[in-house]
Amino acid sequence: MLYIIVSIVISGVIAYLGDALGTLVGKKRLSLFGMRPRFTALFVAISTGIIITLSTFGIGMMLSDDVRLALFSIDKLKKDIDTLQAESAALSEIKTKLENEKNILSADVERLTTQVKIKETESVAFRKDEPLAITVIKAGQESKEVMKSITNLIIQLSDHVRRRNVVVKPEIEFFTENKDQLNMMANHIASSSSDLVVGAIAAENIIAGEELGNVRFIILPNDLIFHKDQQIASMEIDGTLDRAEIARIMQNFMDEINHEVVNVGMIANPLTGSFGSMSYGSMLSFYDMVNKIKELNRKIILIAVVPEDIYAIGPLNVVFRFEETGENLFSTDPNAIASTTPKVNSEIASFTSETLAPTKVPNLSPTTASDSLSNQ
């Protein structure tokens, strides 16, 4: 802005002086360099224009680097712009190519990750928190006797994982490396006044064909949870519903029993959060019960009863009674005598836990021991 104002002012002053000088030369018919007065006046006018142009350029160069650059480096600037445009186009092409390669690599990584996950899933012999071996050690035993039980548990564990193609170090090597910890565990168990559940649980996924990873040992009391003939749950069910709905309600009832028994002290399977699953025989009786409820075609009370003392380790066997206003209509217990209706068959509807793992059971564990059984 300053450059423009100064250029205008100086150009105006020079133009005025040139006009005044040209007028003076014309009136006095002065002569420069031997030229006629008319040519002298013309020379003064041309010189004035040249001086205005030169002064404009001079002021511009003094006050602005851009003016100097535009006057003396314009060709270089054009060449640099052309070069930069070419480089920009090349970089843009490279960017597009790299983005395409990135997309291809991302797709390959996703595909390989999926394949690895599938492969790992196919080759997982035991999942994290899956029980590997479990036993009950009776109270009142000496440490040596307890150590024999622990030894049998380790051998049982080794045989179990070997059958799944997991590599395990020799048992004698494991006992040598972990002698002190195993002795401490045996002493602790021997000092207990109650029966204890001792188990080994996978602390991580164990892959078939690889070395056995970390194994966590747990110690829990094997408390008496239910007494023989104790009623543990009941519900009302409507026999007028369709069979599918009756089966759904029954299944939910049994699932709730499996979870609720954990809350009262039975040892849960951490993979499911419940005690266990129904056995095959129980499922046969399950559908017989659904048919029987539908056959009665009215509202009844379904009562779950344990036919024997049940301890924390299980198994959990449950028989069911159908009652109506206190009258026994039907029972799945083959030893029970129904008052009005014979049994459908001799199967006992029961829950049987094949594998146990003590995690989610509050205030039951006096101690937890951890170690690894791996082929190093």
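The values are calculated or read from the model by the stated rules, or taken from the named source; none is laboratory data. Source: prediction; values computed, not measured. Every residue, glycine as well, gets a Cβ built from its backbone with ideal geometry; the counts of neighbours run over all protein chains shown.
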| field | So T96, is it modelled with pLDDT of 70 or more and over 60 Å from the mean Cα position of the chain (by Cα) | value | no
| message | Anything in region 122-147 that is of a type outside the set (A, V, I, L, M, F, W, C), in contact with a helix residue (DSSP H, G or I) (Cβ under 9 Å, 6 or more places away or on another chain) and surrounded by 14 or more Cβ atoms within 10 Å (Cβ to Cβ)? List them, or say none. | response | T135, K138, Q141, S143, E145
| request: Please work out if S158 is in a helix (DSSP H, G or I), surrounded by 15 or more Cβ atoms within 10 Å (Cβ to Cβ) and out of contact with any strand residue (DSSP E or B) (no Cβ under 7 Å at 6 or more places or on another chain). | output: yes
| request: Sort through G199, G213, G209 and tell me the only one that's touching a residue at least 60 places away in the same chain (Cβ under 8 Å), loosely packed, with under 14 Cβ neighbours inside 10 Å, more than 30 Å from I300 (Cα to Cα) and small (G, A, S). | output: G209
| field | Residue selected from region 161-175 under the condition among the hydrophobic types (A, V, I, L, M, F, W, C) and under 22 Å from L196 (Cβ atoms), by the criterion surrounded by the most Cβ atoms within 10 Å (Cβ to Cβ) | value | F174
| message | Of everything in region 39-81, what is among the hydroxyl-bearing types (S, T, Y), modelled with pLDDT under 70 and within 29 Å of Y16 (Cα to Cα)? Give them in sequence order. | response | S64
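Okay, residues lined up against (1) closer than 20 Å to S234 by Cβ; (2) modelled with pLDDT under 90; (3) of a type in the set (A, V, I, L, M); (4) in a helix (DSSP H, G or I):
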| position | (1), (2), (3), (4) |
| --- | --- |
| I267 | no, yes, yes, no |
| S282 | yes, yes, no, yes |
| M289 | yes, yes, yes, yes |
| A304 | yes, yes, yes, no |
| P307 | yes, yes, no, no |
| F320 | yes, yes, no, no |
| A336 | yes, yes, yes, no |
| S339 | yes, yes, no, no |
| P342 | no, yes, no, no |
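Here is a yes/no grid of residues against (1) assigned to a helix (DSSP H, G or I); (2) in contact with an Asp or Glu (Cβ under 7 Å, 6 or more places away or on another chain); (3) hydrophobic (A, V, I, L, M, F, W, C); (4) touching a residue at least 12 places away in the same chain (Cβ under 8 Å):
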| site | (1), (2), (3), (4) |
| --- | --- |
| R164 | no, no, no, yes |
| E173 | yes, no, no, no |
| T176 | yes, no, no, no |
| N183 | yes, no, no, yes |
| message | So in region 176-196, with the set limited to residues that are in contact with a strand residue (DSSP E or B) (Cβ under 7 Å, 6 or more places away or on another chain) and surrounded by fewer than 22 Cβ atoms within 10 Å (Cβ to Cβ), which one is nearest to I134 (Cα to Cα)? | response | D195
| task | State the number of residues belonging to region 216-248 that are buried (at least 16 other Cβ atoms within 10 Å of the Cβ) and part of a strand (DSSP E or B). | result | 11
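Going residue by residue through region 366-375, is there one that turns out to be modelled with pLDDT of 50 or more and acidic (D, E)? Can you show your working first?
Within region 366-375, the first condition is being modelled with pLDDT of 50 or more, and the residues that meet it are none.
The answer is no, given that none of the residues of region 366-375 is modelled with pLDDT of 50 or more and acidic (D, E).
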